[in-house]
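*Asks:* Structure below; questions to follow.
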């Protein structure tokens, strides 16, 4: 709720603008009616007087409380989703942006948690494992081939990172405005905390 004192510097210009608009409207109205009066009373040269008044009114305040709304979380079968396009508030308005080529981007919705794969790899709580994978992102946003570029040194941890990467969802990259399979290097850190 905004208080009236929030913008005191705007009150007098707004009031002045309202008075000017009213004076102009009255001038137009009196011009139309004064010509008839002047035709009848040509002998009198009485000037036209226009008066304006500023009436300060306080804004009405709602006295009825707004009802609480409880939203339910919908259930979604991830296998039934074929494509999701996300926009971020950080990007601003991107509706007019069209690029002939773009790199794949991770979808904001991810059905996986890296902590699950860190536990599967046998990592201790708080222990981090960093792996770099070469991942092929297919035109439908799923992951194609995955190769280890720089492993952790433990084949179980590397396999957990590959399994994690295969479950990620992507906004596919484009070339000539068409989604294409594109290979990228993807750094992954597997860690879980108690």
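Taken together, the values in this text are just the output of simple stated rules run on the coordinates, not laboratory data. What you are looking at is a predicted structure, and each value in this text was computed from that prediction instead of being measured. With ideal geometry, Cβ positions are generated from the backbone for all residues, glycine too; neighbour counts draw on all protein chains shown.
*Asks:* Arrange the following residues from fewest to most other Cβ atoms within 10 Å of their Cβ: 134, 174.
*Replies:* Ascending number of Cβ neighbours within 10 Å: 134, 174.
*Asks:* To the nearest 0.05, how large is the calculated FRET efficiency for residue 193 and residue 69 if R₀ is 41 Å and r is the Cβ-Cβ distance?
*Replies:* Working: r = 34 Å, r/R0 = 0.83.
Efficiency at R0 = 41 Å is approximately 0.75.
*Asks:* Would you order 72, 136 from fewest to most other beta-carbon atoms within 10 Å of each residue's own beta-carbon?
*Replies:* Ranking 72, 136 by Cβ neighbours within 10 Å, fewest first, gives 72, 136.
*Asks:* Ranked by Cβ crowding within 10 angstrom, fewest neighbours first, how are 158, 68 ordered?
*Replies:* 68, 158
*Asks:* When a/c reaches 1.5 or more, the comparison of a/b and b/c decides; with that in mind, is the range 101-164 rounded, prolate or oblate per its Cα gyration tensor?
*Replies:* prolate
*Asks:* Kindly state, to the nearest 0.05, the FRET efficiency for residue 185 paired with residue 106, given R0 = 22 Å and r defined as their beta-carbon distance.
*Replies:* 0.95
*Asks:* Please give the contour-minus-distance gain from residue 134 to residue 11: 0.36 nm per residue of separation, less the Cα-Cα distance, rounded to one decimal in nm.
*Replies:* Extending this stretch completely gives an extra 38.1 nm.
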